[in-house]
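Data first, discussion second: the structure below is written as structure tokens.
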Amino acid sequence: MKPPLRARTVKVGPYKLGHGLPVRVQAMCDTDTRDVRATVRQLRLLEDAGCEINRVAVPDMEAALALKKIRKQVAAPVVADIHFDWRLAVAAAHNGADKIRINPGNIGSPEGVRAIVKACRERGLPIRVGVNAGSLKLFKTVRGRVALSPAEMARAMAREALEQARMLEDEGFGDVLVSLKADDARVTELACRLFASQSRIPQHLGVTEAGPLLPGAVKSSVALSSLLRDGIGATVRVSLSEKPEAQVRCAYELLKALGLREYGPEIISCPTCGRCCADVRGAARALDAAIYADRELREKARGLKIAVMGCAVNGPGEARAADFGVAGIPGGNGLFFRRGTPQGRIPGRDWVKALVKIIRQRGKTS
Ligand code: SF4
């Protein structure tokens, strides 16, 4: 396969997306878009969690028109997700959507595609072509399930994405992004690679229907990390069967582990062993929960490495890379250390309170 081509730049709201630009985090609301109050509430929660681009479902005209009120009450760009009816896409474009996500193959007629392009061009909006393995044209033309190998499936997806993007480009419309998603990590990765080797259109990455938190996070990481390392991917969504805020966190953790984005601190905590003399699991979990439930604290802790270790024998040394941390010592106290050097004791077991206090003081003394 040829190496990936450099993606061109496309703008979504305030964000420039494409080669060499920051990878942005996306999520999708699970509210009924017609319920303006509930949707705005969730969009604000997502913004608080750091979500940069949010998608909402637009199943009918009432939802398309509701975008006008919704968009006025939120800061982050809103993507309208539309299937089958081009009129909904046109209405969404004229009612405040920042991007339209369609599948030109199921949106109706070529006239419908032209109407969407016209509306998006007038409003300066990009269009995302979403190709999902489960809705490939191939499946619709035969009865029953087609047994394709992962490579055949990936090729079919890349071909369909190229064809669908061409339908827009044939109209002289270039502000296009694509996504190629499967529920299989190998198919997703290969489809995205194949597409990137043939097109400069920037990609939105994700494994679709990734599953519950743990398997979904692992599967998404397996599929997306090598793509992101190779510069493929302008935006990311981790489609977990979880609250949308958890999807945002997971996407950031993936990007953070790859060194592509910063998001809160990195908590270094040991797995514990027979030397452990502290509740490391409880403390690490509680510290994580305290930081990520509080936007201000998360921002203050951005870029820090904070250690929670089970013993002072190995803890401070093994966590030398941490900016600061605490290790268990016999007798019920904790040993506080900075860059591996002991600084004193933290009385009792209330490590989380002590560590949170240090984070809050960040920037006050330095
Ligand atoms: S830091 Fe101490 S308790 Fe934790 S794994 Fe290492 S030796 Fe065991």
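The values are calculated or read from the model by the stated rules, or taken from the named source; none is laboratory data. Since this is a predicted model, take the numbers as computed values, not measurements. What goes into the accessible areas is simple: the full protein's heavy atoms, side chains included, and nothing from ligands, DNA or RNA. Shrake-Rupley method; radii C 1.70, N 1.55, O 1.52, S 1.80 Å.
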Q. Taking Rh as the Kirkwood radius computed over C-alpha pairs, what is the Stokes-Einstein D of region 1-97 at 37 °C in a medium of viscosity 0.692 mPa s, expressed in µm² per second?
A. 231 µm²/s
Q: Just tell me which lysines come within less than 30 Å, Cα to Cα, of Lys118; anything on the same chain fewer than 8 places away is out.
A: Lys11, Lys16, Lys68, Lys69, Lys72, Lys99, Lys137, Lys140, Lys181
Q. At a 1.4 Å probe radius, carbon and sulfur cover how many percent of the accessible area of the chain?
A. 51 percent
Q: Take the Cα coordinates of the chain, assign each an equal point scatterer, and use the Debye formula without solvent to give log10 I(q)/I(0) at q = 0.08, 0.14 Å⁻¹.
A: -0.47, -1.10
Q. At q = 0.10, 0.12 Å⁻¹, what base-10 log of I(q)/I(0) does the Debye formula yield for region 35-188 when every alpha carbon is treated as an equal point scatterer in vacuo?
A. -0.39, -0.55
Q | Heavy-atom surface of the chain, accessible at 1.4 Å and reported per residue (Å²) | A | 46 Å²
Q) Gaussian network model of the chain, Cα springs within a sub-10 Å range: biggest mean-square fluctuation belongs to which of Val238, Val117, Val280? A) Val280
Q: Name the residue, out of Asp30, Asp279, Asp175, whose mean-square fluctuation peaks in a Gaussian network model built on the chain with Cα pairs under 10 Å.
A: Asp279
Q | Length-normalised contact order of region 255-366 in % [C-alpha pairs under 8 Å, at least 6 apart] | A | 23 percent
Q.
Using only the Cα atoms of region 239-366, what semi-axes does the equivalent ellipsoid have when each is the square root of 5 times a gyration tensor eigenvalue? Give whole Å, largest first.
A. 25, 16, 14
Q) Considering every pair of different Cα atoms, what Kirkwood radius, in Å, is found for region 181-320? A) 16.7 Å
Q | Under-5 Å amide H pairs with Arg128, H placed in peptide plane, nonlocal only | A | Ile100, Arg101, Ile102, Leu177
(Q) Please list, ordered by chain and number, the residues whose modelled amide H lies under 5 Å from the amide H of Arg55; skip anything fewer than 5 residues away on the same chain. (A) Ala27, Met28, Cys29, Val79
Q. Looking at region 245-312 from every direction and averaging, what is the projected area of its Cα convex hull in nm²?
A. 4.9 nm²
Q. Once phi is turned into ³J(HN,Hα) by the Karplus curve 6.51 cos²θ - 1.76 cosθ + 1.60 with θ = phi - 60°, what whole-Hz value does each residue of region 259-270 show in order, with x for glycine and proline?
A. x, 9, 9, 9, 7, x, x, 9, 9, 9, 10, 7
Q.
List the lysines whose Cα sits under 20 Å from the Cα of Lys305, skipping any in the same chain fewer than 8 residues away.
A. Lys256, Lys353, Lys357, Lys364
Q: Considering only Pro271, Pro150, Pro59, give the residue with the highest GNM mean-square fluctuation for the chain, with springs between Cα atoms whenever their separation is below 10 Å.
A: Pro271
Q: Take every Cα pair under 8 Å in the chain that's 6+ residues apart, average their separations, divide by the length, and report that relative contact order as a whole percent.
A: 13 percent
